[in-house]
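Have a look at the structure below before the remarks.
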Amino acid sequence: MKATVYAVRRSGRWSWNASLDIRVDQRFWFRQGAGTGMIGLEPNLSWGQALWLQKALEEARFQPKDLNEVRREFAARLIQLGLTEKASEALKPVFLSGDRMEKTGFAAFSEEEARAEQALAARLAEPMRGRSLLLEELVRLLADEGKGADGLVSALQLAALEGRVRLAAGVDRIDRRFLWRSTVQFRCRRCGSGEEGMNVSECPYCGGPCPYCERCLTMGRARFCALLVEGAAAERGRAAGTEAAQVREAGAGAASAAGPKGPWAGHPRSTAMPATAAPARAPQGIAYARAGLLPDDETAITGRLWGLSPAQTGAAQAGLAFLRESAARQAAGGAAKPRFLIWAVTGAGKTEMIFPLIEYEVNRGRTVCVATPRRDVVLELLPRIRRAFPDNTVVALYGGSPNKWERGEITLATTHQLMRFRESFDLVVIDELDAFPYHNNDQLQYAALQAAKPAGRYIFLSATPPAALQREIRKGKLPHAKVPVRYHRHPLPVPVLLRLKPLRSFAGGGPLPVKLVQTIQASLDRGAQLFVFVPQIKLVDPLVALLQRSFPQHVVGGTSSKDAERTEKVVDFRQGRIRMLVTTTILERGVTVPKTDVVILDAGSPLFDEAALVQMAGRAGRSKDDPKGRVYYAAAEVTGSQAGAIRQITRMNRIARQECYLLPEEERT
C-alpha cells in the first residue's frame, strides 16, 4: 500500500503527516483554513516507509525554510531508511496547492462524494471500536455486515483525521541510538514479536526487503507496509463512575504502589494492590461487605443459586471485592489494569466461580471476555455460559467460528483471537494461563494485555500458576484467592512414589517391572481405568504393545499430539471402551473420567516439570463417586519437580483441612 508524506502549516508551524489518499487530507485541511500551506513528497512511498518518515520528521520537529532544505532532509532520511541514493534522489518535495490540488483531483471531487465519504467514515467508528484489524479483515467485517468496501481507504483516512480510528503499520520500525551505536529493530504491532519473529521478503510497495511477522501469520500477514486499523477504545460501562463514588464513600483505600513488570504484569504502571488472604473464605467476603465494598455479594452468589461450595463462594466473594475495590482505586487515580488470581486446584470448578463475577460486570453494562487456550474449551464453555446468562448476548470466537465479527456482552475466545482486539473489554478472564499455548508465549500474553480497556481488569485462573506469579503472591503484590478443595470436598489424592528403572529399559519389549504390574493390577481390580503418562511420543506405541501383552483381557490404547484419531480415542476412553490409555502431557488437562487412576512413568524426566506433574495427578479423584483415586510417580529417583508437586498437593489439603472445607471424616465414603 502506498502513501504520501506531507506537511501542513498551522499556527505558524509545519506538522508532518502520512496519508493514504492525499485528496482527503487536502479537503480536510482546506476546510480548517490550512489547505493552501501544504508540502508533499512525490512519488508516494510504501505505507510503512511513509509512517516511519512522518514520525522521524515530527519527532525532529523539522521546520523547513524552503523546498531545497526539505529535499536535503528527505534524501538523508530515506537513505537511513534503506533506500538507495538514486531512489531517494528520485523523490522530490512539492507544494500541494494551486494546480497541484487540481492534479490530485481535489477540485473534481463533488460535495456529494464528500458527504458519502463523511458518512462512511462515521459508520466505520462503531464496528472498529475496540478492534485492531488488518485492512483485509476490515473488508471481511464490512462484508459480513452487508456493507461494501467502495471508497474504504479514503473513508479510513478521513476517519483517522477526525480521530475516529488510528492507522498504523502491521510492523513498526524502531530506531535506537546509544552513544555512537545505532540499532534498527522491527516489532509486530499485533502480537508484539521482535526480531526473532520477523522474516523478510521482497515487496513491490517497499521497492525492496519488507519485514513481516511469522509468529502471528495464521491470523493474517502483518508486514511493514500493511495497513493496521485500530479503533477507539470501547466505552466504559455505564455504572462505573457511580460505583467508584459509592466505594469512595465507603472508605475504600486509594493508595497505590509500583507493581511488577513482565508479560503478566497487567500494565507497566500496574498497581500492586494488597493481596487478599489465602485461602479466600466466605468470612473474608462478609468482611468486605461490612466495609461497604460488597453490598450485594450475597445476592449475586446465593440469591441466584449458583450452587457454589463454601470454598468456591469465598473465592467468588474475594473476586467481587477485587472488582469493586479496583474500580475505586482507578477512579482515585490509581494505575490501570489491576490483576487478580484465582488459584484453584484441578477439578475445583473454576468456571462456576467466575459466574458471579461475570454477572457483576454485565449488570453494570460492562463487557467481559473469557479467553482460553483451546478451541475445544471454548466450545465446551459456550452452552454453559449461555445457560447461566440467558438474557445476555454470548459470542464464541475461535479459528473457523461462523460469527467471527459478532459482538457480545460476554465473549468466549481462544487467545489467538485477542490479537483482533485493542482496548475492548472491561474484564478479561484468562483461563489456564499456565497451559500451552499461553505458557512462555510472549505473543499471546501481549495480545491479552492489549485487549482490556485502559481501565479494564484481569482475572487469572490456574491450578498451577507460573513461578513468577507465585513469587508475587509471596511478596504480597498480587491479590488472589486460593481454592484448595474440589467441589465434592474430599482431599486431593497425594501421589505415591514408586521406585522403577527407566522406561527405556523395558519399553522396547522387555517384561514390565513387577511393581508396575502389581500397581496396575490393583487399579484394575478396584474397577478403575488408567491414565499412563510417558514423557515422549516415541514411547507411546511400544508401551501400548507391552501393556496389551501383559493385560490381554483389557483394551489398551495410546494417543499423542501427532495422533489423527486422538479425539475418537479420548471418547472411547471416556465411555469405557478403552481401559488403559497411554499418552503424553497433551492430555494432562481437559479430560475427565469418573473413576480413574494415574501412573506417570519416568516421572523424573526433565520434560515433566512441577506444574505438569500436578496437572497429571489432577486426573484422579475428580468424581464424587470416586474421590480417592490413586496417583503414582514412577521413576528411578525422586526429583525436585516430584517433591515440589507432592508438596503443593499436600499444602492444598492442609489448607482445606484448616479452613474446614473438607467433609467430616465420617461423611467421606
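The values are calculated or read from the model by the stated rules, or taken from the named source; none is laboratory data. All values derive from a computational prediction rather than experimental measurement. Reconstructed Cβ throughout: ideal geometry from the backbone, glycine too, with neighbour counts over all protein chains shown.
Details
- For the stretch 537-555, the condition holds for no residue, the condition being that it is crowded, with 19+ Cβ neighbours inside 10 Å, in the same structural domain as Arg657 (by TED's automatic domain parsing) and outside any helix (DSSP H, G or I).
- Only one of Ile473, Ile459 that is at pLDDT 95 or above, in the same structural domain as Ile342 (by TED's automatic domain parsing) and either under 26 Å from Gly307 (Cα atoms) or surrounded by fewer than 22 Cβ atoms within 10 Å (Cβ to Cβ) (or both): Ile459
- Selection from the stretch 655-669 of residues that are of a type in the set (D, E, K, R) and surrounded by fewer than 12 Cβ atoms within 10 Å (Cβ to Cβ): Glu665, Glu666, Glu667
- Residue match in the stretch 566-578 (condition: within 14 Å of Gln529 (Cα to Cα) and within 27 Å of the chain's Cα centre (by Cα)): no
- Breaking point among (1) more than 12 Å from the chain's Cα centre (by Cα); (2) closer than 18 Å to Ala452 by Cα, for Met353: (2)
- Scope the stretch 206-228; condition crowded, with 19+ Cβ neighbours inside 10 Å and either in a loop (DSSP other than H, G, I, E, B) or charged (D, E, K, R) (or both); matching residues: Cys206, Arg215, Cys216, Gly220, Ala222, Arg223, Phe224, Cys225, Ala226
- Test: residue in the stretch 369-379 that is under 22 Å from Ala232 (Cα atoms) and among the basic types (Lys, Arg): no
- Some residue of the stretch 120-135 being surrounded by fewer than 18 Cβ atoms within 10 Å (Cβ to Cβ), over 17 Å from Ala232 (Cα atoms) and not β-branched (Val, Ile, Thr): no
- Subset of the stretch 522-533 [farther than 13 Å from Tyr632 by Cβ and assigned to a helix (DSSP H, G or I)]: Leu524, Asp525
- Among the residues of the stretch 195-205, the ones that are modelled with pLDDT of 85 or more and assigned to a loop (DSSP other than H, G, I, E, B) come to 0 in all.
- The numbered conditions (1) in contact with a Lys or Arg (Cβ under 7 Å, 6 or more places away or on another chain); (2) surrounded by 19 or more Cβ atoms within 10 Å (Cβ to Cβ) are all true for Pro513 except (2).
- Enumeration of residues in the stretch 93-151 that are at pLDDT below 70 and among the β-branched types (Val, Ile, Thr): Thr104
- Identity of the residue in the stretch 401-441, on the phi > 0 side of the Ramachandran plot and buried (at least 20 other Cβ atoms within 10 Å of the Cβ), that ends up farthest from the chain's Cα centre (by Cα): Glu423
- Remark: pairs (first residue in the stretch 501-512, assigned to a loop (DSSP other than H, G, I, E, B); second residue of a type in the set (S, T, N, Q) and surrounded by 14 or more Cβ atoms within 10 Å (Cβ to Cβ); Cβ separation under 8 Å; 6+ apart in sequence or on different chains) = Pro511/Ser550; Leu512/Ser550.
- Residue check for Val368: over 14 Å from the mean Cα position of the chain (by Cα) and either farther than 22 Å from Leu138 by Cβ or charged (D, E, K, R) (or both): no
- Arg489 satisfies every condition listed in (1) more than 20 Å from Thr596 (Cβ to Cβ); (2) in contact with a Phe, Trp or Tyr (Cβ under 7 Å, 6 or more places away or on another chain); (3) among the basic types (Lys, Arg) except (1).
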